[in-house]
Amino acid sequence: QVQLVESGGGLVQPGGCLRLSCAASGRIFTFYTMGWYRQAPGKQRELVATIISSGGTNYADSVKGRFTISRDANNTIYLQMNSLKPEDTAVYYCNLLTWSGNNYWGQGTQVTVSS
């Protein structure tokens with residue numbers, strides 16, 4: 001089993017910043033991708049950013065230039081979110097996809113951007 005624990009969400013004013021963390025533990029030898037998705041009320045879950053095991057990254061167009069995904073050697077990923085907008089408000093979910101195709105999700109962390 002794999003466990004993903006997110007932290008770092010909260011309330012921030014427009015233009016502010018937050019840093020999300022996701023720590024992966026359990027039977028992980030290596031992952032194919034880890035990433036962040038978000039779901040706003042009444043909308044489908046959407047990709048925010050992913051990082052593959054070799055270090056390559058991918059971003060949604062809506063966050064390019066504002067968000068940065070990174071990882072450390074302990075299977076923890078981060079999402080640095082700058083210049084936040086009200087439309088970034090959502091529950092952010094951490095995701096891990098293994099090479100064998102197993103897909104894991106965290107419990108989600110709320111990000112609210114409001115004045």
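The values are calculated or read from the model by the stated rules, or taken from the named source; none is laboratory data. Computed from a prediction, not measured in an experiment: that's the story for all the values here. Neighbour counts are summed over all protein chains in view; Cβ atoms, including those assigned to glycine, are modelled from backbone coordinates with ideal geometry. Ligands, DNA and RNA are stripped out before the accessible areas are found, and what is left, the full protein with its side chains, is counted by its heavy atoms. Shrake-Rupley method; radii C 1.70, N 1.55, O 1.52, S 1.80 Å.
Net charge in the neighbourhood of I77 (other residues with Cβ under 15 Å of its Cβ; Lys, Arg +1, Asp, Glu -1) is +1. Unpaired Cys in the chain, meaning no second Cys C-beta under 4.7 Å: C17. With springs only between Cα atoms under 10 Å, which of I77, I52, I28 fluctuates most in a Gaussian network model of the chain? Of I77, I52, I28, the Gaussian network model singles out I28 as fluctuating most.
By definition, a body whose alpha carbon gyration tensor gives a ≥ b ≥ c is prolate when a/c is 1.5 or more and a/b is larger than b/c, and the chain fits this prolate description.
Taking the accessible area of region 17-115, probe 1.4 Å, and keeping the other protein chains in place, the carbon and sulfur fraction comes to 47%.
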